[in-house]
Amino acid sequence: MLKSINLSLSVLCNARCVYCPKDRGENLARQTMPISLIHKITAELTAPDCRHNIEIMQLSENGDALLNKNFIEILRILKKRLPSVKKILYTNLSLLTKAKSEIIIKEGLIDKLMCSIDSVDKDTFFLMNGLNLKRVLQNFKDFLSIRNKLDSHITVNVRILTLHNYVKAIKNSFGFIPNDVDILRVPILDEVPLIAASLERFLHPAKDKVEKSIIFAWNDREKFTGKVDSYTPNLKCPFLERNEHDLYIAPDGSCYSCCLDSKCSITFGNANTETLDSIFNGSKRAKFLEKLRARKFIEIGGACSSVICCQSLQQ
Ligand code: SF4
């Protein structure tokens, strides 16, 4: 049964994180999801004969959802049509203005906010994420202050991936410096304790969480593509269990393999022209899962053929 839907409201992102691939949505016909597709998806999920019980909806796969010009309107439709589904927004925070936070919190449009704050030094933050730290922190504090003032149920989860730890993990695992990194500007020390301490004072100790991000080498896929037999004979898909009951839907309706398939290279159908049920239970997806369970990554191709880049690396 389909339990979780991951919507890519936008494959565009205004950040330039060194750990993220820059080829997001390369194979797609459009970059932001239209409202018509939201209506189609919610109509199917609320139909009397729908046999799926969606528990979680992730709103920001593969890009920053706030770059969708209809972002707030889409959240309102989802809240109205699917009130009991837990909605999670992952954002880089740069576009989450005070005005938008007020609407989201007052109307209870999401249940959980997730974000990454990878440094508290403005220069390192810019090197790591390509964003203005001052604006990001202001938006973060505004969101929390409104949330606390209104005693909203929304929880906040902050993830940290420092440039120091990212480079160290990739270098120790594979022996090379990751793409998009200027090695001469990588901080010598790990900033995680400093970042965590400076953010925790704004968070609710019982509701919110600060944690280290998982590190993937998915921005270095091209170094491994097609070489999975020589590099990784025993590796499993780390998202196999999730893939059994999740669907990932791109802005153009393509239903694709998983959140680490940045180009949406492996697809099973299109939600604009087919039902979610027929895609989820269709033969294309069944064959994909069969091969994934059997670890036939080269045969699957696309992002799966560099499954080594989907593994979590130790910091
Ligand atoms: S092996 Fe394929 S399905 Fe599994 S995490 Fe990697 S890209 Fe996703």
> So between residue 188 and residue 273, what do we pick up on full extension, going 0.36 nm a residue minus the alpha carbon distance?
Replying inline: 25.4 nm
> Over the chain, what is the mean sequence separation of C-alpha contacts under 8 Å (at least six apart), divided by residue count, expressed as relative contact order in percent?
Replying inline: 23
> Amide H to amide H, which residues 5 or more places from residue 58 or on other chains are under 5 Å from it, using H placed in the peptide plane?
Replying inline: 5, 6, 7, 88
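Could you calculate the FRET efficiency of residue 293 with residue 214 from 1/(1 + (r/R0)^6), where r is the beta carbon distance between them and R0 is 25 Å, rounded to 0.05? The partial results should precede the final answer.
On the way: r = 22 Å, r/R0 = 0.88.
So, using R0 = 25 Å, E works out to roughly 0.70.
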> With each label point set 7 Å from Cα along the Cα-Cβ vector, what nm distance links residue 177 and residue 159?
Replying inline: 2.6
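What fraction, in whole percent, of alpha-carbon pairs in region 260-315 exceed 13 Å separation? Kindly include the intermediate steps, with their values, before the conclusion.
Values: 1009 of 1540 pairs.
Counting pairs separated by more than 13 Å, the tail of P(r) holds 66 percent.
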> So how far apart, in nm, are the two label points at residue 80 and residue 314 if each is 7 Å from Cα heading toward Cβ?
Replying inline: 5.2
> Based on DSSP H runs of at least 4 residues, each adding -39500 (n - 2.57), what is the mean residue ellipticity at 222 nm of the chain after dividing by all its residues, to the nearest 500 deg cm²/dmol?
Replying inline: -9500 deg cm²/dmol
> Hey, what's the per residue convex hull volume over the C-alpha atoms of region 155-287, in cubic angstrom?
Replying inline: 174
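For the chain, state the semi-axes of the equivalent ellipsoid (square roots of 5 times the eigenvalues of the alpha-carbon gyration tensor), sorted largest first and rounded to whole angstrom. Don't jump to the answer; show the numbers that get you there.
Working: eigenvalues 173, 160, 48 Å².
After diagonalising the Cα gyration tensor, the semi-axes are 29, 28, 16 Å.
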> Say R0 is 30 Å: what FRET efficiency, to the nearest 0.05, do residue 241 and residue 200 get from their beta-carbon distance?
Replying inline: 0.45
> For region 34-131, what is the convex hull volume of its Cα atoms per residue in Å³?
Replying inline: 107
> For q = 0.14, 0.17, 0.18 Å⁻¹, what log10 I(q)/I(0) does region 18-80 give under the Debye formula with an equal point scatterer on each alpha carbon and no solvent?
Replying inline: -0.52, -0.72, -0.79
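State which stretch of the chain is the longest one without any exposed GluC sites (Glu not before Pro), exposure meaning a DSSP loop state and at most 15 other Cβ atoms within 10 Å.
Working: sites that count: 26, 55, 107, 274.
Result for the longest clean stretch: 108-273.
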> Loop-only check: which chymotrypsin sites (Phe, Trp or Tyr not before Pro) in region 115-177 are DSSP coil with at most 12 other Cβ within 10 angstrom?
Replying inline: 176
> Once Lys and Arg get +1 and Asp and Glu get -1 on their Cβ, which of 282, 314, 267 lies farthest toward the positive end of the dipole of region 265-315?
Replying inline: 314
> With a ≥ b ≥ c the root eigenvalues of the C-alpha gyration tensor of region 79-212, is it rounded (a/c under 1.5), prolate (a/b larger than b/c) or oblate?
Replying inline: prolate
> Label points 7 Å out from Cα along the Cβ direction at residue 35 and residue 126: separation in nm?
Replying inline: 3.8
> Can you tell which of 96, 184, 37 shows the greatest fluctuation in a Gaussian network model of the chain with Cα springs below 10 Å?
Replying inline: 184
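So which of 168/291; 69/100; 134/168; 40/106; 171/212 end up more than 21 Å apart, counting from Cα to Cα?
Values: 168/291 33 Å; 69/100 12 Å; 134/168 27 Å; 40/106 26 Å; 171/212 18 Å.
In this structure, 168/291; 134/168; 40/106 exceed 21 Å between Cα atoms.
We did not get these values from a lab; they are worked out from the coordinates using the rules stated. Fair warning: this is a prediction, and the values are worked out from it, not measured in the lab. Don't worry about glycine lacking a Cβ; one is built from the backbone with ideal geometry, like all the others, and counts go over all protein chains shown.
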